Each structure stands twice: as C-alpha cells, then as structure tokens.
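Right, one structure below, let's go through it.
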Amino acid sequence: MMSIILAIAIGAAFGAVLDRIGASNPTVINKMLNLTDLRLAKAIMLAIGLGSVLMFTGQMIGLVDVGHMSVKAAYAGVFLGGLLLGGGWAMAGYCPGTGVVAAASGRKDALFFVAGGLLGAAAYMVTYPMWKASGLLDPIWGGKVTLGVVPGSGYDGVTNLPGDILGIVLGLAFIAIAFALPERLLGQPSGQAHPAE
Amino acid sequence: MPMTWKTGGVLLGLVFFLAILLVKPIGVSTQFVILDGIIADAVNPDLVTATDDGFTSTNAYLAKSGGKYAKSVGNPLNYSFVFVLAMMLGGFISAMARGGIDARDHKVPALWRANYGDDPVKRYLVAFLGGFIVLYGARLAGGCTSGHMMSGMMQTAVSGYIFAAGAFAAAITVSILMFKKEA
C-alpha cells in the first residue's frame, strides 16, 4: 500500500513538473530539438546533474540505499531503438512520458500519439522473438555496467574509477554544461517574447 | 507563467532524486506494454496465467525475465503502472491550475501550425505514426527518455549514454528537417 501512495505522490509531481517546464508541449520540444530554443535542454541537463550529485552524495553518506539503483543493459539494440525513438520524438513532439501527460492536459493529438504508442508496443511484443534471435539484444561492454565502479551496487564498471565520486564529478559537469549552453544555437533570435506557454 | 529553466531543472532533478531515494528510478515506456497486456488478457484470458511461483504468458516478451511483465499485467495495481496514471493526474491538475493549455493548441501545436497549417487530420496521422515508432524504438532499446536517458545518465549507466546518442542524433536531424519555420 505504501508503494502505491509513493507512486501517486511521485508520479503526480513528475507529471506536474513535465507540464510546467513545457516538456509535454510539442512546440517546446521541437524548438529544443531544432536547436532554436535550448532552455528545456538546459533544464534537463541541470536535472540530470542535480539528481546525480544528490544520489551519489547520498550514497556516500549512507542516506541513499545503493540497492535502489537500477542499471539497464547495454546492447546494440539500445542505439537502434534510440534512433527510432528520436525520429518519432521529433515527428510527434512527444516521448512516452510527456505523451501521456499531454493527453491528460487536453491535447487531442497526444491521444493519437498514445494510441500509436500502444500499437507500436504491441508490434514489438509480437516481433520480439525476431530481435532476440538477431543477437542485437545480446549484452555488449559487460551489459549492465556503469562508467565507474559504484561501491555496493553490484554493477561492474567500464573503468576502475570510484563510481560514486565519478558520478558526482559528472553531475557537476552536467550542471556546468546546463549553465554554459546558449539559449539558442541555430537561426536568428526573433526578438519576440516567448509565448506564455 | 512560464517557469525558468533553472527552477524547472531543480524541480525535475528533485523528482528524479526522490524517486530513487524512496523507491527506484523513474521509467515510463514499459507501461505501454503492460496496458497492452491488460487489454489483450481481457480479450484472451489465456495470455497471462498464474504459476506456482508467479506469472507467465504465451507471449515471449511478457514471459521474459521470469515473467516480470506478465506479473504486472496480472497485478495492474503495482507501483510502476499507478505511477504513470498519477503522472496523468499531476499533468492534468498542473495544466488546469495555470488555466489550461492554449485553446488553439488543443488539436494542433503552434510550431506544427506554423509549418504545416491547422489541418488536424494531418497532425493526428503524424502523431499516431510518431507514437508507433517511439514505442517500438523504446521497447527495442529497453527504455525511453525517462528510464534510459534521464534515470540512466543520472546513474552513470553506459546504456543511458548509448541511448541518448542515438535518440538525439535522430531527433535533432528530423526536427531540423521538419520544422524550418518558427512559431
């Protein structure tokens, strides 16, 4: 029961934040992806960096249970799937999480995205044996690995560096990049005020 | 009331941190499979069945990893599934509290209108096709923007970096080609 309460509290907070930073607005997403407005990218980099610093610092002082980490396997299909997801993300302006939030916030096109997503997930369920047989799902570089060795995590590292300290350093680097990135890379500033949304 | 990227980034980072502090890293795309499984199991109850030590399925994907997904289909009231339902609730309340999204955006978002006009049918078709590709790709990759990219890179997972490289290579290319006019 406790886990359901946490699911509701953290899930609702996540959905609300995605709405407020504009991540569930396809216009904001594609202005980030076509490099004309990088403010959302700056927010995401800051979030990854802050999350990393807090988590690894918490682990080092014993506040965060290392066992809560969950590292996904590396395999060739991760890159291929990433390419597909990226293409669809730009086409639709939605990814799985922001799509469901957008649909709930009254965007009708997001309902079509979610419907297409359910069909796409079903298509994968049916074609999974083919991918499995292709070898593209076989682990590479050790599979479930982190960049350094995180003490107590049970995951191997691709380097022998201390994974928690490396995580904090990389987290700080993400935060630094968030601040260093310009708000715009391509095109000329339009000089117009940013829309209220 | 637009939120600055700094405030938004701090709040988003805190949510990702709280999730891993209290439960586990955030992920979303698996739940599309779980909902598909719930629907398919309602149509064909033989799809997911209880075993002595858990659940299994006639579908190889639901049955993999010791029936982990089959178990979630058999027990929809689990953390990860409720989490996504709660995201919808949070997104809805947040949007309503700021007066709802721009009425002109209900069917066709602004940047799309600037580039392709306001015909909703065209937009719906591309959104549907995009959804299909996104979820097919996310399942092939084993995660999406939340699970692989944000949760993964935050934990220094090598897979998160591989995923982000693929996702942004394709997304930036497609977006620059598709959206040349500014909103």
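The values are calculated or read from the model by the stated rules, or taken from the named source; none is laboratory data. None of the values given here were measured: they were computed from a predicted structure. Heads up, the Cβs are rebuilt from the backbone with ideal geometry, glycines too, and the neighbour counts pull from every protein chain shown. The accessibility values were calculated without ligands, DNA or RNA, using every heavy atom of the protein model including side chains. Shrake-Rupley method; radii C 1.70, N 1.55, O 1.52, S 1.80 Å.
Restricting attention to segment A:126-182, report how many residues are among the charged types (D, E, K, R) and closer than 23 Å to residue B:24 by Cα.
The total comes to 3.
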Search result, residues across segment B:19-32 that are within 19 Å of the chain's Cα centre (by Cα), in a helix (DSSP H, G or I) and at the interface with chain A (Cβ under 7 Å from one of its Cβ atoms): B:19, B:20, B:32
Segment B:45-59 - residue that is within 26 Å of the chain's Cα centre (by Cα) and more than 12 Å from residue B:74 (Cβ to Cβ) and, of those, surrounded by the fewest Cβ atoms within 10 Å (Cβ to Cβ): B:58
Options B:95, B:171; residue that is free of Cβ contacts under 8 Å to residues at least 24 places away in the same chain and under 30 Å from residue A:1 (Cβ atoms): B:95
Candidates B:135, B:35 - the one that is under 26 Å from residue B:166 (Cα atoms) and either in the same structural domain as residue B:171 (by TED's automatic domain parsing) or open to solvent by less than 70 Å² (accessible area, probe 1.4 Å) (or both): B:135
Which numbered condition residue A:71 misses (of (1) under 22 Å from residue A:99 (Cβ atoms); (2) outside any helix (DSSP H, G or I)): (1)
Complete set of residues in segment A:1-32 that are more than 7 Å from every other protein chain (Cβ to nearest Cβ) and either under 17 Å from residue B:78 (Cα atoms) or without any contact (Cβ under 8 Å) to a residue 12 or more places away in the chain (or both): A:1, A:2, A:5, A:9, A:32
Odd one out for residue B:107 among (1) facing chain A (nearest Cβ under 7 Å); (2) of a type outside the set (Gly, Ala, Ser); (3) under 30 Å from residue A:162 (Cβ atoms); (4) open to solvent by 60 Å² or more (accessible area, probe 1.4 Å): (3)
